[in-house]
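The numbers here are math on the coordinates, done by the rules we state, and not lab data. Keep in mind it's a predicted model, so treat the numbers as computed, not measured. In this analysis, Cβ positions are derived from the backbone assuming ideal geometry, glycine residues included, and neighbour counts consider all displayed protein chains.
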Amino acid sequence: MLLEVNGMKSSYGRIEALHGIDVQVGEGELVALVGANGAGKTTFLRALSGVQPLTNGEIRFDGADITKSKPQARVKQGISQVPEGRQVFGPLSVEDNLRLGAYRRRGADTDADLERVFETFPILKRKRKESAGTLSGGQQQMLAMGRALMSNPRLLLLDEPSMGLAPLLVGEIFNIVQMLREQGTTILLVEQNAFQALAIADRGYVIETGRIVLTDTGENLINDEKVKAAYLGL
Amino acid sequence: MLGEFIQYLFSGLTSGAIYALVGLGFALIYNASHVINFAQGEFVMLGGMGTVFLAAAGVPLPLAVVVAIIGTACVGFALEKLAVEQTKNASVVTLIIITIGASIVLRGAAQVLFDKQFHTLPAFSGDEPINVLGATITSQTLWVLGITALIVVVLQWFFNRTLLGKAILATSVNPLAAKLVGINVSFVLLLSFGMSAALGAIAGVLITPITSTNFEVGIMLGLKGFSAAILGGLGNPFGAVIGGLILGIVEAFGAGYISSEYKDAMAFIIILLALFFMPSGLFGKKGTERV
Ligand SMILES: Nc1ncnc2c1ncn2[C@@H]1O[C@H](COP(=O)(O)OP(=O)(O)O)[C@@H](O)[C@H]1O
Ligand SMILES: [Mg+2]
């Protein structure tokens, strides 16, 4: 397993948001984590990146215990996150945003990676000199994804990449996620948009108020009566 | 008449450049942490007093200057490490109060370690005055202006051309996203405090041959630098430089043509006018949210 999370608990003050999460992601897999608003998806991803403290449990990445590693060490080891709400560096140029994505690889030649990101997201190449804050929501999402890819991640964490986008753009973002996966990136995809996420995922987890309540292949979850009733609106 | 005008102008630019350096220090720390560091003036004092006392102890002057600046930068690091980082989840207001405490401690320590007298340093290249269009200016004035200009150019380059500089900007814009791309945010904070302290110390060294220094000079210089930063728009380092120059020039012309009694009051009138009519300063972000 590339990522192994055992018994993860995390709290905001005295309120526990995650009550013991177990999740595994294998090399090359696309795993979806779906659940309602407030279920704890973002908290979980932040804990994986080291910007939200755990109160219990462990995180293993490629066999090594990284539970206590600093966020920058995790990026260096290959965990990269596209945060909820995109969080681009608004006043900085598109290119600077992307180059900062490779911050942990200073000294390495990142021009080739930049070109690869531009191939995946041609719009970013056209806007490379513009400040990130002037981009549309969909373009900012692509920039946030490009920025995360600039670190050459082994595991890409995506927090609701389709949030707030027009349906056409949602389709485009999901296509790109699928393409990245075909290129060999391991992906943990968090979505409220459960149907589309499970449709492209190898496996899925369903999270409810800080607990994993179901796990199966993407296909089986889509066909699961409970999931259908609760998340797919069928 | 022209001679008089030029005289006031240079005098204003000289103090303005010092306010600019102090204002820059405020801006760097504010950008990184949203803390207004009220110990900024004490960095200026430490630079000047440190050099004076190292030189008096027999250290050659150029070396004394370098050691005083590095030493002050270390005080900046310590302030960040011991006060700001230890109180991780403290509110910005608490942190600001901590810096006020630190300024009092640093003044007290300087009083004990150094003394309460006024001290001066020799001008960097002699006391021979220079005649410019009927005004007499000292060579130290040119040092102040030249080094300030150099620092502004170097900082521009650092923030616009280096990845580390951009990482500092990124951290000030969005600390969470900065962490997620792997920027060591604690290091950025530490660096910002160290850089600010060094800038303050440089200002202190530059101005001491002109105005002399003692353990309390940081109070007034800190307030002037703060006014410069407010006038320029707090989060904008280069606004602080313009703010400092404007403040220095207004003070000098006010003192020259109106009355020197009101010289120090000018800074506070400017700060009040700025806060009333341009709450985000000359170059600040428009429409700062009010909570
Ligand atoms: N900064 C915060 N402070 C306090 N509680 C929070 C904070 N962020 C999230 N929570 C709470 O933690 C729970 C999980 O939130 P979150 O991880 O954002 O859920 P999701 O991403 O699945 O919508 C929610 O009950 C939410 O109210
Ligand atoms: Mg969320």
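Observations, loosely collected:
- All other residues whose Cβ lies under 13 angstrom from that of B:A197 are scored, Lys and Arg at +1 and Asp and Glu at -1, for a net of -1.
- Taking A:L54, A:L165, A:L221 in turn, the Gaussian network model of chain A (Cα-Cα springs below 10 Å) assigns the largest fluctuation to A:L165.
- Relative contact order (percent, whole number), segment A:87-152, Cα cutoff 8 Å, 6+ residue spacing: 56
- Annotation note: GluC sites (Glu not before Pro) in segment A:111-144 located in DSSP loop regions with a Cβ neighbour count of at most 15 within 10 Å are A:E130.
- FRET efficiency for B:A109 and A:R128, using Cβ-Cβ distance with R0 set to 51 Å, rounded to 0.05: 0.50
- Other protein chain C-beta atoms within 10 Å of residue C-beta, averaged over B:166-173: 5.
- Long hydrophobic helices in chain A: the complete DSSP H runs spanning 15 Å or more by Cα along their own axis with mean Kyte-Doolittle hydropathy of at least 0.5 are A:167-182.
- Axis angle, to the nearest 10 degrees, between helix B:237-253 and the longest C-alpha principal axis of chain B: 30 degrees.
- Put in line by how crowded their Cβ is, counting other Cβ atoms within 10 Å and starting with the fewest, A:E160, A:E208 read A:E208, A:E160.
- Compared with the dominant Cα axis of chain B, that is its longest principal axis, helix B:61-78 is turned about 30°.
- When both segment B:5-27 and segment B:192-214 are represented by their alpha-carbon centers, they are found 13 Å apart.
- Put a dot 7 Å past the Cα of B:L164, heading toward its Cβ, do the same for A:Q24, and the two dots end up 4.4 nm apart.
- Degrees separating the helix B:217-232 axis from the principal Cα axis of chain B, which is the longest one: 70
- Rounded if a/c under 1.5, otherwise prolate or oblate - segment B:17-217, Cα gyration tensor axes: oblate
- Global geometry of segment B:2-127, whether rounded, prolate or oblate, following the gyration tensor of its Cα atoms and the 1.5 cut on a/c: oblate
- Our note on the geometry: Cα centres of segment B:261-277 and segment B:69-148, 22 Å apart.
- Each of the trypsin sites (Lys or Arg not before Pro) that DSSP puts in a loop and that has at most 13 other Cβ atoms within 10 Å breaks chain B; the longest unbroken stretch is B:117-284.
- Cα-Cα P(r), the protein assembly as shown, percent of pairs per 20 Å interval: 21, 43, 26, 9, 1
- The loop-placed trypsin sites (Lys or Arg not before Pro) in segment A:129-234, going by DSSP, that have at most 13 neighbouring Cβ atoms within 10 Å of their Cβ come out as A:K129.
- Figure legend: label point modelled 7 angstrom from the Cα of B:S259 along Cα→Cβ; no residues of segment B:186-230 have amide N under 13 Å from it.
- Between segment A:191-234 and segment A:113-139, the alpha-carbon center distance in angstrom: 32
- Its Cα gyration tensor gives segment A:87-152 an equivalent ellipsoid, and the semi-axes of that ellipsoid, as √(5λ) in whole Å with the largest first, are 18, 12, 10.
- Shape category assigned to segment A:1-106 from the gyration tensor of Cα positions, a/c cut at 1.5: prolate
- Modelled FRET efficiency - R0 25 Å, A:V213 with A:Q178, Cβ distances, 0.05 increments: 0.45
- B:S139-B:I6 FRET efficiency (beta carbon distance; Förster radius 22 Å; 0.05 resolution): 0.90
- Shielding score for B:182-195, defined as the mean number of other chain Cβ atoms within 10 Å: 3
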